[in-house]
Amino acid sequence: MADYAPVDLEAPEQVTFQLNDRQVSAPPGTMLVDAAHANGVEIPIFCYEPRLGAAIGACRMCLVEVEGMRGVQTACSTPVAQDMVVHTTSAVAKDAQDGVLELILANHPLDCPVCDKGGECPLQDRTFKFGPPTTRFIENKRHFPKPLDLSSLIALDRERCISCFRCVRFSQDVAQDGLLTFQERGGDSEITTFTGGAYEGRFTGNIIDICPVGALTSIPYRFVARPWDVVESISVCGECPVGCNTAQTTREGHVQRVNGREEPNWEVEEGWLCDKGRFAYAKAWSPDRLRAPMIRDGERTREVSLEEAVEAAAVLLRREGAAPAFLVGGGATVEDGFLAQELAAALGGAPVQGLTIPGVALSPVRSLPSANLRDIESADLIVVVGGDPANQQPVVELRLRKAVRNGARLVMVGPRPHPLARLGEWRRSAPGGLVDAVHQVAGEIGSATAPLVLWDELDLAAEPDAATALAEVLVAHTTPRQIELGADVNGAGLRALGIPPDGVLERAARGEVGTLVSVHADPLAQPGASEWDHAVPHLGPVIAIATHASELTDLANVVLPAATDYEQEGTLVAMNGRAQRLRPGPVAPEGAAPAWELLLAITHRVGAAPTYRAPSSVLAAAAASRPALAGLSYDAMGAEGVMLASLPASSRNGHGGRREPDGDGLLLMPTREIFGDAASHRSDALAHVRRGAAVTLSPGDAESIGRAAGDQAKLTSPHGTCTMVVRHDPECPEGAVVATVGVPRGGAERLIPWDRGPVRVTLAKGA
């Protein structure tokens with residue numbers, strides 16, 4: 001992982017010093033180990049990890065000789081100084097490094113052939129490169145029962161641990177869950193949890209990546225593969241709109257592991273992944289994965305070849321009175337969305353709708369400059385307006401924690417209970433009162449030196465006046481900086497294509513849609529599902545391009561299995577406007593193909609003849625015709641992506657101005673849970689942490705309806721009904737409820753209108 005911190009050798013201020021008989025330079029304050037690495041000299045390390053904060057020098061592996069200093073020095077904690085003279089390969093330094101490695105290996109089992117880390121182990125590599133050829137230790141080594149399950153996802157082999165403290169420091173200083181610690185001292189020390197229970201959290205898998213030996217390994221990956229019989233590829237996580245950079249391990253056609261990249265994207269995730277992004281890969285072969293094209297003839301459904309299914313789709317679209325319309329989901333790539341538009345144009349200008357947040361209400365703040373995620377850690381004031389990044393954009397939480405460690409003030413504004421409330425200040429507002437809350441923090445934003453505002457699109461879509469108020473506050477400041485906390489993986493990419501969030505539902509409800517084409521979209525599992533329930537009987541044939549079975553594929557006339565984000569090449573645009581490249585690891589199952597290929601095949605069969613031969617040419621055509629994508633290419637994106645110069649502030653429609661909530665009762669505040677969505681429920685690895693649909697309310701409101709925690713309650717809004725498990729939270733405001741959305745078959749989507757406008761619900765006893 002990120003063993004060495006990046007060093008800017010082009011910075012205006014540099015310190016010059018001598019490194020192994022040559023003159024080199026680095027910015028002042030740079031640690032010697034990083035400066036050496038930046039200048040092409042490797043100093044071996046184990047405990048040092050720049051993302052964990054200040055070095056602690058626990059392993060002593062980085063000992064070097066510095067002239068004028070007594071003894072040897074730890075390069076990880078020694079800053080460069082003008083005219084210092086450093087030797088990393090002198091006899092003194094080499095003896096020190098040999099001695100440290102000899103001590104580290106004294107009790108190490110040397111079980112590389114059976115260790116899951118074998119072949120990609122820093123201890124293995126650095127022993128070979130820097131260590132002595134023999135050892136003086138002949139005593140019996142330590143032995144422990146193995147493995148110890150540190151959690152449902154992580155196995156601990158205690159005899160391999162070298163007490164580098166990386167895992168403990170991650171838990172205590174980065175994730176700040178405070179769970180991991182070392183017990184006992186000296187040779188008896190061992191990793192455990194404070195509580196004695198499992199190490200469960202949102203980011204636990206990162207300790208597997210940063211462990212420099214085979215002490216911490218992935219249980220789902222344990223004994224599955226070896227480095228020499230797998231294929232490694234880099235890509236981008238498609239589980240949330242943050243756009244974390246990943247490395248996926250593929251064996252025998254399946255993704256078997258997802259790690260953070262060896263070279264982290266410091267502008268995005270800094271090398272950290274949440275556990276959903278790390279372990280949700282099993283969704284690619286879950287039981288409900290679509291593996292064969294299907295055609296429905298009346299009440300009979302039959303499997304067909306991909307060519308036959310594509311031709312059947314084209315026949316439906318070519319027929320007289322087809323009146324086609326297209327839905328594009330927020331998980332579709334830029335290439336998928338563009339070819340859906342191309343096919344719609346070839347069919348006479350059929351309407352295309354994206355199942356994303358309507359944009360007019362959000363346009364005032366979306367039109368302002370967007371910041372990088374890295375900018376969070378350099379802000380002096382961070383204001384989070386609405387939302388719950390801990391559960392909806394998890395890696396953003398790590399950035400917020402780092403910013404607070406750097407001295408930033410964190411202010412969270414909104415009515416909902418906030419998991420990060422202890423990290424800063426929670427300015428609780430009344431339900432539906434974000435406008436007043438924004439005005440209350442306006443003065444603080446204006447007086448800050450480097451403020452940054454994070455705002456949640458779901459919450460502001462329900463309170464459009466809040467978006468206007470927030471934009472006015474930011475514009476009043478000389479350097480407005482903001483980051484949208486998005487809900488859709490590629491919602492920003494669909495906006496860049498100009499795909500509106502409306503236009504099809506209205507036609508469908510009026511019976512004006514003769515054939516519906518769905519591309520990675522299931523309107524029956526989205527806010528506004530009840531409105532689609534009423535529209536579905538008026539639809540003609542349905543063509544579904546999807547990866548997994550859903551309510552829509554269950555009624556579709558033609559089902560075309562699509563590749564997942566692990567199996568295709570394409571482009572995703574993160575919530576803050578960073579375009580990044582998906583790269584395929586495994587191939588899609590036989591009978592499935594990337595959505596862009598399926599759309600292109602249908603386009604050819606309806607009589608159009610675009611000349612695209614690869615996703616790169618599709619992106620080139622999109623970049624040439626969509627101003628927001630101008631200049632974008634796979635080469636331009638490279639390994640770390642590129643920020644788009646500008647994104648459309650909105651598509652058309654969507655409500656603007658203040659709107660009173662529909663219905664009576666308690667104000668509904670929808671939220672998402674990191675382990676509650678379909679991907680989490682499709683991954684066996686996440687079985688121990690996945691969450692179901694639930695409604696959270698204050699104890700007072702719960703008492704008034706007579707429902708205890710764990711009971712069932714029937715929720716009713718003007719748009720639909722559902723039944724959910726009751727949770728109590730004293731921090732939940734009176735007069736409001738928090739209901740989870742995105743949970744498979746959860747039902748809360750049927751309580752909310754398609755435009756995410758505010759709504760009230762009544763709760764009754766019921767199962």
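Any read-out appearing in this document is the output of simple, stated calculations on the displayed coordinates, not a laboratory observation. As the structure is a computational prediction, the values presented were derived from the model and not from experiment. Counting neighbours? That spans all protein chains shown, and the Cβs are built from the backbone with ideal geometry, glycine included.
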> With point charges of +1 on the Cβ of Lys and Arg and -1 on the Cβ of Asp and Glu, referenced to the Cα centre of the range 361-496, which listed residue (Val384, Gly432, Val473) lies farthest in the positive direction of the dipole?
Replying inline: Val384
>> Going by amide H atoms built from the backbone, whose H comes under 5 Å of the H on Thr78, apart from near neighbours?
In response: Leu32, Val33
>> Suppose each label sits 7 Å from its Cα in the direction of the beta carbon; what would the Ser633-Arg422 distance come out to in nanometres?
In response: 5.1 nm
> When DSSP assigns beta bridges and you keep just the ones with both residues in the chain, what percent turn out antiparallel, to the nearest 5?
Replying inline: 55 percent
> So between Arg659 and Thr89, what do we pick up on full extension, going 0.36 nm a residue minus the alpha carbon distance?
Replying inline: 198.1 nm
>> Please list, in order along the range 55-61, the HN-Hα scalar couplings obtained from phi with the Karplus expression 6.51 cos²θ - 1.76 cosθ + 1.60 (θ = phi - 60°), rounded to whole Hz, x for Gly and Pro.
In response: 5, 10, x, 6, 8, 6, 6
> Once you put a point 7 Å from the Cα of Ser625 and another 7 Å from the Cα of Glu590, both along the Cβ direction, what distance in nm separates them?
Replying inline: 3.6 nm
> Using the Kirkwood formula over every pair of different C-alpha atoms, what hydrodynamic radius in Å results for the range 369-421?
Replying inline: 11.3 Å
> How large is Rg over Rh for the range 666-765, taking Rg from the Cα atoms and Rh as the Kirkwood inverse mean of 1/r across Cα pairs?
Replying inline: 0.97
> What spacing in nm lies between the two simple spin-label points modelled at Lys129 and Arg510, each 7 Å away from Cα in the Cβ direction?
Replying inline: 6.7 nm
> Beyond 33 Å, what percent of the Cα pairs of the chain remain?
Replying inline: 55 percent
>> Only sites in a loop by DSSP and with at most 14 other Cβ atoms within 10 Å count here; which trypsin sites (Lys or Arg not before Pro) in the range 1-82 make the cut?
In response: Arg70
> How about the range 483-559: which trypsin sites (Lys or Arg not before Pro) there lie in a loop by DSSP and see at most 12 other Cβ atoms within 10 Å?
Replying inline: Arg510
> So how do 382-395, 623-636 stack up, highest first, on mean other-Cβ count within 10 Å?
Replying inline: 382-395, 623-636
>> Taking 30 Å as R0, compute the FRET efficiency from the Cβ-Cβ separation of Met643 and His254 and round it to 0.05.
In response: 0.35
> Listing Ile154, Ile602 from the residue with the fewest other Cβ atoms within 10 Å to the one with the most, what is the order?
Replying inline: Ile154, Ile602
> What net charge do the residues around Ser616 carry, taking every other residue with its C-beta under 15 Å from that of Ser616, with Lys and Arg at +1 and Asp and Glu at -1?
Replying inline: -2
>> Loop-only chymotrypsin sites (Phe, Trp or Tyr not before Pro) in the range 109-167, please: DSSP not H, G, I, E or B, and at most 13 other Cβ atoms within 10 Å.
In response: Phe137
> Pulled fully out, how much extra length does the chain show between Trp228 and Asp111, if you take 0.36 nm times their separation in residues and subtract their Cα-Cα distance?
Replying inline: 40.4 nm
> Which angle from 0 to 90°, rounded to the nearest 10, does the C-alpha axis of helix 394-405 make with the longest principal axis of the chain?
Replying inline: 50 degrees
> Once amide H atoms are placed 1.01 Å from N in the peptide plane, what residues at a sequence separation of 5 or more from Gly330, or on another chain, have their amide H within under 5 Å of its amide H?
Replying inline: Leu355
>> How charged is the neighbourhood of Asp8? Take every other residue with its Cβ under 15 Å from the Cβ of Asp8, and add Lys/Arg as +1 and Asp/Glu as -1.
In response: -3
> Each residue of the range 249-255 in order: what ³J(HN,Hα) in whole Hz does its phi give by Karplus 6.51 cos²θ - 1.76 cosθ + 1.60, θ = phi - 60°, with x for Gly and Pro?
Replying inline: 9, 10, 9, 6, x, 10, 6
> Which order do peptides 682-692, 296-306 fall in by mean Cβ count within 10 Å, highest first?
Replying inline: 682-692, 296-306
> For Glu320 and Arg300 in one chain, what is 0.36 nm times their gap in residues minus the Cα-Cα distance, to one decimal in nm?
Replying inline: 4.8 nm
>> Restricting the calculation to Cα positions, tell me the Rg (one decimal) and the Dmax (whole number) of the range 249-290 in Å.
In response: 12.5, 36
> If you line up the long axis of helix 595-605 against the longest principal axis of the chain, both from Cα atoms, how many degrees apart are they, to the nearest 10?
Replying inline: 40 degrees
>> I'd like the Karplus ³J(HN,Hα) series for the range 342-351: coefficients 6.51, -1.76, 1.60, θ = phi - 60°, whole numbers in Hz, and an x wherever there's a Gly or Pro.
In response: 5, 5, 4, 5, 5, 9, x, x, 5, x
> In the calculated pair distance distribution of the range 98-184, what percentage of Cα-Cα distances lie above 18 Å?
Replying inline: 54 percent
